[in-house]
Amino acid sequence: MPTPSLLPGWTTAPEVRATHRTDRSGFDLGDGPDAVVFAVSVDDVVAVLAHAHSTGGSVVVRGAGTGLSGGAVAGPGSTVLDLTHLDRIREISPTDELAVVEAGVVTADLDAAAARHGLRYAPDPASLAWSTIGGNIATNAGGLRCAKYGVTRDSVLGLDVVLADGRRISTGRRTVKGVAGYDLTGLLVGSEGTLGVVVGATVRLRPAPVRTATLAAWFDGFDAAAEAAAAITAARLQPAVAELLDASCLAAIAAVPGATEPHGRAFLLVQTDGYGADEEIAAVRDVVAPLTGRVELETDPHRADTLLATRRAALPALERLGRVLVEDVAVPRSRLPEAVAEIGAIADRSGIRIATMAHAGDGNLHPVLVLEPGRDLDDHVWDTAGAVFTTALQLGGTLTGEHGVGLLKRRWLRDELGPDALDLQQQLRTVFDPRGVLNPGKAL
């Protein structure tokens, strides 16, 4: 077994270490990792982990670095294991509607490859153009379509994993159903690189919809838009996409050169798909129209794609304004209006601008604290973020719907899990990684 420093992908170049010390969260430990290894094979992953296990080192696994909770942040004493070169789509089976991929495959590339067979990979995080399947699995990422198709865990059938001591295991199966043994696949999805390193996955593909219908609605206020989203759920409708943007998000998007002015102070985008798409979108319109003066049904697929692009442009537009702290709370869908109202009140009390976008179809809100450029995450910022987390928990929700705990939310995790459940999870982590090799200080 070669030592990691002899691997061709090993580097201690200062510029590489600097680019691998943080992720899209912007959280910074102040100095970079000791080294970075660009794995080009699973054997490289085995060598890095076996060496760290035997020497007491620590390893931070990294995909594209698009995480928003600090899960890929790396500091002194650690080695970053970069999996972006493990980027092969090994198999697409149209008959079994599945794909076998390596961890570094870009999400959009898998979706495009599936589309050539009349299929799609359903999870579609906002970063799908550059995020990787391995990173999506690490955080159990969601996306715009998860209201109907679920999060990443709902599309993962099996995993190829390297454990902290270098052993390789495979979990799950190629079948749609299977209950033999404990569900290690489900456990590993969302474990944020703390239980093992996912190097490959067998994922479920779904038939591409024969029809997609789109509705765009504008509102005078975000509270009214949230009420409309909750009304869609109450009407027993299940759109594939239901997205909300508040006035701050819309203003940031409008400030981007070439963008158009918004038609209101809040925006609701809904898509239905499948054979009954037109009938379902008409039912959505009947629910939404009495609550706002402007509702449009979009039949042009290119225009519909433009509307989706507007939603995906929200975070990049906010990042142009200063430093952002992106939160990821989720609440029961019926309580979405209450969450929106309280987040607005928190912004008013704190004096910190909070721009909110939401996957309204599953109650997942992203309140984004927009700070002055270069501002530190001081106590006032954390107190404001904590107020948002407390609101979500009081409404029966969670700290994180899809971004993971990482570094940023650890201090509040006990409030959600309770001491006994948290202790059990810490014991479980020790079973997988008794020497604390994998992503120390993250998730729990």
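Assuming a viscosity of 0.890 mPa s and a temperature of 25 °C, what translational diffusion coefficient in µm² per second does Stokes-Einstein assign to the chain, Rh being the Kirkwood radius over Cα pairs?
Values: Rh = 22.5 Å.
After rounding, the answer is 109 µm²/s.
Taking amide hydrogens as modeled 1.01 Å from N in the peptide plane, which residues meet the under 5 Å criterion relative to T400, leaving out close sequence neighbours?
A330
Given the peptides 258-264, 383-389, arrange them by the average over their residues of other C-beta atoms within 10 Å, most packed first. Mind dumping the intermediate values first?
On the way: 258-264: 12.1, 383-389: 19.6.
For the peptides 258-264, 383-389, the packing ranking is 383-389, 258-264.
Which of T3, T202 comes first, and how do the rest follow, when ranked by fewest Cβ neighbours within 10 Å? Could the numbers behind the result be given before it?
Working: T3 12, T202 24.
With the fewest neighbours first, T3, T202 line up as T3, T202.
What is the Cα centroid distance between segment 294-310 and segment 1-53, reported in whole angstrom?
So the two Cα centres are separated by 43 Å.
For helix 277-288, report the angle its Cα long axis makes with the longest principal axis of the Cα atoms of the chain; keep it between 0 and 90° and round to the nearest 10°.
It is inclined by approximately 60 degrees.
Considering Cα pairs under 8 angstrom that are at least six residues apart, work out the relative contact order of the chain and quote it in whole percent. Write down the numbers at each step before the final one.
Numbers: 1001 pairs, mean separation 70.2, N = 444.
Relative CO of the chain lands at 16 percent.
Taking only DSSP H segments of four or more residues, each worth -39500 (n - 2.57), what value at 222 nm results for the chain once the sum is divided by all its residues, to the nearest 500 deg cm²/dmol? Show your work: numbers first, answer last.
Numbers: 15 runs with 149 residues, N = 444.
Estimated from H runs of four or more residues: -10000 deg cm²/dmol.
Using a 10 Å cut-off on Cβ atoms, rank the peptides 92-98, 44-50 from the highest mean neighbour count down. Could you put the intermediate results ahead of the total?
Numbers: 92-98: 15.3, 44-50: 24.1.
Peptide ranking by packing, descending: 44-50, 92-98.
Provide the packing ranking of 212-220, 29-37, 282-290, i.e. peptides ordered by the mean count of other C-beta atoms within 10 Å per residue, highest first. Write out the running numbers ahead of the final one.
Numbers: 212-220: 21.8, 29-37: 19.1, 282-290: 16.2.
So the order, starting with the most tightly packed, is 212-220, 29-37, 282-290.
In segment 405-444, whose amide N lies under 18 Å from the spot 7 Å out along Cα-to-Cβ of D165? List them in ranges.
Taking a point 7 Å out along Cα→Cβ of D165, the residues of segment 405-444 whose backbone N falls under 18 Å are 427-439.
Dipole size in debye (nearest 20) for segment 322-430 around its Cα centre, Lys and Arg Cβ +1, Asp and Glu Cβ -1?
Here the size comes out at about 140 debye.
Assign one of three labels to segment 322-430, namely rounded, prolate or oblate, based on the Cα gyration tensor with a ≥ b ≥ c the square roots of its eigenvalues; rounded applies when a/c is under 1.5, prolate when it is not and a/b is larger than b/c, and oblate otherwise. Mind dumping the intermediate values first?
Values: a/c = 1.97, a/b = 1.29, b/c = 1.52.
Verdict is oblate for segment 322-430.
Starting from 0.36 nm per residue, how many nanometres of slack lie between S41 and R320 once their C-alpha separation is accounted for?
Numbers: separation 279, 0.36 × 279 = 100.44 nm, distance 3.70 nm.
Roughly 96.7 nm would be gained on extension.
Write down the percent of antiparallel bridges among all DSSP beta bridges whose residues are both part of the chain, to the nearest 5.
On the way: 59 of 70 bridges.
Looking only at bridges with both residues in the chain, the antiparallel portion is about 85 percent.
Does anyone have the angle between helix 301-312 and the longest principal axis of the chain? Alpha-carbon axes, 0 to 90°, nearest 10?
60 degrees
Could you state the principal axis extents of the C-alpha atoms in segment 89-207, from the largest down, to the nearest angstrom?
Computed over the Cα atoms, the extents are 39, 28, 26 Å.
Within a 10 angstrom radius of the beta carbon, how do S5, S41, S58 rank from fewest other beta carbons to most?
Details: S5 12, S41 15, S58 19.
Listed from fewest to most nearby Cβ atoms, that is S5, S41, S58.
Any idea what angle helix 336-350 forms with the longest principal axis of the chain, computed on alpha-carbon atoms, 0 to 90 degrees, nearest 10?
That helix lies at roughly 80 degrees to the long axis.
Go ahead and run the numbers for FRET between R294 and Q425, Cβ-Cβ distance against an R0 of 51 Å, rounding to 0.05. Don't skip to the answer; put the middle values down first.
Values: r = 47 Å, r/R0 = 0.92.
So, using R0 = 51 Å, E works out to roughly 0.60.
Label points 7 Å out from Cα along the Cβ direction at D96 and R411: separation in nm?
4.8 nm
Please give the charge dipole size of segment 95-241, origin at the Cα centre, charges +1 on K and R Cβ atoms and -1 on D and E Cβ atoms. Round to the nearest 20 debye.
Numbers: 14 positive and 14 negative charges, 118 e Å.
With Lys and Arg at +1 and Asp and Glu at -1, about 560 debye.
Considering only DSSP beta bridges where both residues belong to segment 1-147, give the percentage that are antiparallel (nearest 5).
Values: 7 of 16 bridges.
Bridges in segment 1-147 that DSSP calls antiparallel: roughly 45 percent.
Tell me, what HN-Hα J-couplings in whole Hz come from the Karplus equation 6.51 cos²θ - 1.76 cosθ + 1.60 at θ = phi - 60° for each residue of segment 405-418, using x for Gly and Pro?
For segment 405-418, the Karplus curve yields 7, x, 8, 6, 10, 4, 5, 9, 5, 4, 4, 7, 7, x Hz.
Just name one of W130, T384, V329: the one whose Cα is farthest towards the positive end of the charge dipole of the chain (beta-carbon charges, Lys/Arg +1, Asp/Glu -1).
W130
Please report, for the Cα atoms of segment 4-82, the Rg to one decimal and the Dmax as a whole number; what are they, in angstrom?
Reported Rg and Dmax, both Å: 11.7, 32.
Would you calculate the separation in nanometres between label points at A18 and D223, each defined as 7 Å from the Cα along the Cα-to-beta-carbon direction?
Inter-label distance under the simple model: 4.8 nm.
Quick note: the coordinates plus some simple rules give every number you see, no bench work behind them. Being a predicted model, the structure only gives us computed values, none of them experimental. Note: ideal-geometry Cβ built from the backbone for every residue, glycine included; neighbour counts use all protein chains shown.
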